[in-house]
Structures are given as structure tokens and as C-alpha cells.
């Protein structure tokens, strides 16, 4: 018997061990095969592993994939690739996932249109993979019912977008955002979160706005997160008003993502229309809408310091919802020199006595910010009042604030 035949027989015997019910046996078999792969010819090893992939046992196919993954690019023969591609349609999702891992390990050797279109784990292929056909193929992976397969497709698209193909990716994602399956639309939103401003086209933003009308709360949240990352191009009246009008799902309040999106986008959109829209919602019946409105005004900062804005924020300090009081306190601290009035100082002094420590802390920070901006000593006077009348916790925060203000705080008082 020739050494080559003997080697093939040994490999076949070891491959039979991959079907053992004992996981430790399968582990040792894989170790032996991986070590043999370093010494025997590639053809010998890959021929035996191809036979394993064409078998019926899912565990055997999965372990064969792990051996191929260890071998990496050197196992990327045409026969192996053809077998892996056909195995991508295996009924067992675990096997499909293992095949994706093998293909990823093979790198550029498998950067063919056929393979990429079928496997969502090939983002590592780089610019060679950044074609419209490849992108479309990866989008199709969103149809898979398994989370891990869809995750791989999402990862690959984000990687391809990094290779200066964001425009091509966003064009195809618009179609995915119109898909009838909610989870396909959700995956498209998640890719857009990763791509961010590079994908901020009019078509993408319009599709995301349409997605906000979905009845599925997790999909609406994903669309909010995508819009949040779109940057200045998405900071329009239409987008912000749509987000403000989006009513949280009472059954799943944690999945409401408009707050963060409005807060981030309003930094770039301090127009009269947006300011008016936010002011109109400061007294909304829904506490989360009120909270979002206060946060939005706070992000605009000194640019929106008017009597109407300050009055609305001071009234919000009396709100029954803790989150609204907190955001109103933060916002007042960002109103700058025009906001450093006696009325504001009195309001923040009361907020500093709030029962919640987070509001107390923000009130002290707000007073500190205004004291640094004010032309007079109103802010410092308010802090000194707290130093005399506050409890020990507040006094500690005031001392810290006065220390940061520095020389300006060194008054006769």
C-alpha cells in the first residue's frame, strides 16, 4: 500500500470520528486533522473533507468546516469552493454559519461573485467585493431566518461601505427599506447606522421617514437610530417634525428611539420653525415627548435663548415627570449669558433642592455654567446661597463648582 493511499485511509478513519457523540473525541479528531493538514498534501486533505461535507451528518460537516477554517487560504481549491457554495443551502443553520466562517478565513481567494452573493460573511474581501452585484447578494442574505446569517451580511456590507462604496450600498439599501418583510427593513436600518453620514442621500432619508410609519416598534427604533447618524443632511424640518410626532409604543416604551435622534439632529437645525415645534411640544400630554422637546432645546443652547424658551424650560422644572425636570435643568444650564437671569437662578436653586440627586447635580452644574457666562455675580450668589442653605451633599457639589469657576468666585461674600 502506497503512503498516499495509507494517508487517505487514516484521514477517512479520523473523519468517521467526527460523528462521535462524545464532544471530547470530536475535538481530538479535529486537532489531529488540523496537524495532519500541515504535513500531508492539500489534495489529500481537501478530498477527504469534501467527502465529509457531502455527507448527511450535520456535526461532521460542521467539524469539517472547522478544519478547513484552520487551513485557511491554502484550502481554497475550486473543488472545495464549489462544495462550500452548495453547502450554503444546507438545511441546518449551524452548518451554513460554519461555511461562512470558512469562506471568511479564505480571504481574497474566494472573492468571486457567485460565492459573495451567497454568503454574508465576506466583508473582509475588501474593494474586490465592492460591486453592485455583490452588494445586492449580501442584501439578499437579510432574507435568512437565522440571526447569525443576517448579522454576517450586515457586517459585510458595513465593511464594503468602508471601501468607498457607501453610495452603491445606500442605493441598494433603499430597496431593502421598501421590502415587505419587517426584519429585512430592520437589517437595512442597522447597516445605515454603521455607514452614517456617508449614506445620507435624499432617497435614503425619505425611505427612513416612511419606515417610521411602521407598526413595529423595534423597526421604528432602528429607523430613528439610522436617522440619528445621518448628520447635517437629515437635520431638516421634515425629519425633526416627523420624529417629534412619533408616538412611543406604550407596550414597549424602551424601544422609542426618537429622543436621541432629535437631540442629536437639533444641534444642526436651530431654525425658527424647529424652535417653535419644540416649544409646542414642551407641554405635550406624553412625558417622553416633553422630555424630547426639552432635550432638543438644550442641544441648541445659546442659539435659542429667548424669553419664550426660558419661560417654557422654567415651567418644565415643575413637571411631574423626573426625566422632563432633568432635561429642563440641563437645557437651562446651556442658555449662556442671556440665560443668566435672576429668574433662571431662582428656578435652578429650587431644582438643586429636588429630591432626586441627579437633578440636584445638574442644577449645580447649570448654575456653574451660567456663573461662568454671566457678566455679573448672579450665578455665584446663587451657588453661595446653596452653600449656606443646602444639605451636605449639595454643599459638596457647590464647593466643587466654585473651585472650577476659580478666581471669579473669590468675592467678599
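The values are calculated or read from the model by the stated rules, or taken from the named source; none is laboratory data. Predicted, not measured: the structure shown is a model, and the values here were computed from it. Quick reminder, even Gly has a Cβ in these numbers, built from the backbone with ideal geometry, and neighbours come from all protein chains shown.
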> Which helices (runs of 4 or more DSSP H) does segment 174-254 wholly contain that include 3 or more residues that are closer than 27 Å to residue 272 by Cβ?
Replying inline: 202-211, 217-228, 237-245
> Assuming residue 90 fulfils every condition listed in (1) outside any helix (DSSP H, G or I); (2) within 36 Å of the chain's Cα centre (by Cα); (3) buried (at least 17 other Cβ atoms within 10 Å of the Cβ); (4) modelled with pLDDT under 80 apart from one, which condition is it?
Replying inline: (4)
> Of 329, 385, 306, 381, which residue is at pLDDT 65 or above, in contact with a helix residue (DSSP H, G or I) (Cβ under 9 Å, 6 or more places away or on another chain), under 22 Å from residue 278 (Cβ atoms) and surrounded by fewer than 24 Cβ atoms within 10 Å (Cβ to Cβ)?
Replying inline: 306
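Here's the yes/no breakdown for (1) in a helix (DSSP H, G or I); (2) closer than 17 Å to residue 98 by Cβ; (3) modelled with pLDDT under 75:
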site: 6; (1), (2), (3): yes, no, yes
site: 24; (1), (2), (3): yes, no, no
site: 28; (1), (2), (3): yes, no, no
site: 40; (1), (2), (3): no, no, yes
site: 49; (1), (2), (3): yes, yes, no
site: 56; (1), (2), (3): no, yes, no
site: 61; (1), (2), (3): yes, yes, no
site: 68; (1), (2), (3): yes, yes, no
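Using the structure shown, decide if residue 79 is at pLDDT 80 or above and surrounded by fewer than 19 Cβ atoms within 10 Å (Cβ to Cβ).
Against the criterion (at pLDDT 80 or above and surrounded by fewer than 19 Cβ atoms within 10 Å (Cβ to Cβ)), residue 79 qualifies.
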> Is there any pair with a first residue in segment 274-292 that is more than 14 Å from residue 246 (Cα to Cα) and a second that is surrounded by fewer than 19 Cβ atoms within 10 Å (Cβ to Cβ) whose Cβ atoms are under 7 Å apart and which are 6 or more apart or on different chains, and what are they?
Replying inline: 274/237; 279/308
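Of all residues in segment 348-358, which are touching a residue at least 24 places away in the same chain (Cβ under 8 Å) and surrounded by fewer than 23 Cβ atoms within 10 Å (Cβ to Cβ)?
Of everything in segment 348-358, those that are touching a residue at least 24 places away in the same chain (Cβ under 8 Å) and surrounded by fewer than 23 Cβ atoms within 10 Å (Cβ to Cβ) turn out to be 349, 350, 353, 354, 356, 357, 358.
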